[in-house]
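The values are calculated or read from the model by the stated rules, or taken from the named source; none is laboratory data. Just so you know, these numbers come straight off a predicted model, no measurement behind them. Backbone-built Cβ (ideal geometry, glycine too); neighbour counts: all protein chains shown.
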Amino acid sequence: MNMKELPVRGRFAPTPSGLMHIGNARTALLSWLQIRSQNGQFVLRMEDIDKPRSRPELGAQALADLRWLGLDWDEGPDTGGPYSPYVQSERQRLYDEALCKLEQAGKLYPCYCSRAELAAIASAPHGLQSEGPSYPGTCRALSRAEQQERRRHKTPSLRFAAADEPIAYYDLAAGAQTFPAGAGGDFIVKRADGIISYQLAVVVDDAAMGITDVLRGYDLLDSTPRQLMLYEALGLQAPRFAHIPLLVGEDGRRLAKRHGSIALSALRDHGIPPEKIVGFLAAISGLLERPEPVRPSELLSNFALSRIPRQPVVVTDELMRSLVE
Ligand code: GLU
């Protein structure tokens, strides 16, 4: 089926490793607006695949924070739905099936490189900042005998053998994108400790859940060519992508805890009403001329991806004060 005929479905997929803050909340809000303004269905998925980094109580808190902000979803960990479960750690079977499929297609190989070896590569100059350096393919050429020998001493990770060709796609927010051949290198789909990588899990889940539109932060733009390769290798339909510029502090770095009390729970404890936060987020995202208290649903008629600034948004201390005072 052509994607144009599919019902519009989007999602917000938080990782429960930290408190929901205004940066994540903005992504959630814009994603919700993009989908709801097209009368689409919105899904909440908990991306806790990296168990050691995830904390269930933060997942529950994230849902509560988003609800408090005025967002809703048709399917999710708390509401259930036809694609249950909506928690990655409970979807291992689907990831194993995808690994099997990739293995059978000859797209995977075991990698025995140590962290130290990879760190040495990391110190070399590279272009793909958010995903680390490209893997040079050291283990790709190992013979079966060499692989067996190494497996006796070490559990390998599994890497996807990336095609040596450029990848291009049209991003609904960032415009036409072209990545040179080998841009992402051969990336890990299963870590040596058995944990499935974000790249594989997100592709399997978005496809299985019928997601047609992915709106997320610009920091994940570099992941997109890898994910497009996985969609193709698995014979799955890729969604449309929209990568929105990040919120940054005055130091030019991505907005984070170091920039002060930006957690939604801290703002709530401070007595800031959710409508004020939504208005603030809408104003810095080009959807309102100046901040004024609004509910998310009041922004629906004003929403257009084209209104979102194409440059990172600097959240100055002064701007932040306007929210908390
Ligand atoms: N779970 C990811 C994060 O919290 C988002 C993944 C995505 O939107 O593709 O950064």
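A few comments on the model shown:
- Ser89 being more than 20 Å from His243 (Cα to Cα), small (Gly, Ala, Ser) and within 14 Å of the ligand (Cβ to nearest atom): yes
- Restricting segment 116-146 to residues that are outside any loop (DSSP other than H, G, I, E, B) and under 26 Å from Leu221 (Cβ atoms), the residue that is modelled with the lowest pLDDT: Ala122
- Which numbered condition Tyr169 misses (of (1) surrounded by 12 or more Cβ atoms within 10 Å (Cβ to Cβ); (2) within 19 Å of the chain's Cα centre (by Cα); (3) more than 16 Å from the ligand (Cβ to nearest atom); (4) among the hydroxyl-bearing types (Ser, Thr, Tyr)): (3)
- Residue in segment 241-260 that is touching a Gly at 6+ places or on another chain (Cβ under 7 Å) and closer than 16 Å to Leu69 by Cβ present: yes
- Among residues of segment 199-234, those that are within 11 Å of the ligand (Cβ to nearest atom) and in a strand (DSSP E or B), counted: 4
- Criterion violated by Asn39 - all others in (1) of a type in the set (S, T, N, Q); (2) more than 11 Å from the ligand (Cβ to nearest atom); (3) touching a residue at least 60 places away in the same chain (Cβ under 8 Å) satisfied: (3)
- Filtering segment 104-116 to residues that are free of Cβ contacts under 8 Å to residues at least 60 places away in the same chain and either surrounded by 13 or more Cβ atoms within 10 Å (Cβ to Cβ) or hydroxyl-bearing (Ser, Thr, Tyr) (or both) leaves Pro110, Tyr112, Cys113, Ser114.
- Residues that are more than 10 Å from the ligand (Cβ to nearest atom), free of Cβ contacts under 8 Å to residues at least 60 places away in the same chain and of a type outside the set (D, E, K, R), drawn from segment 2-15: Asn2
- Meets criteria (within 15 Å of the ligand (Cβ to nearest atom) and touching a helix residue (DSSP H, G or I) at 6+ places or on another chain (Cβ under 7 Å)) for Ala163: no
- Each residue in segment 235-264 was checked for being part of a helix (DSSP H, G or I) and buried (at least 16 other Cβ atoms within 10 Å of the Cβ), and 2 pass.
- Candidates Gly18, Gly59: the one that is out of contact with any Asp or Glu (no Cβ under 9 Å at 6 or more places or on another chain), within 14 Å of the ligand (Cβ to nearest atom) and among the small types (Gly, Ala, Ser) is Gly18.
- Residues in segment 291-325 that are in a loop (DSSP other than H, G, I, E, B), at pLDDT 90 or above and of a type in the set (D, E, K, R): Glu292, Arg295, Arg310.
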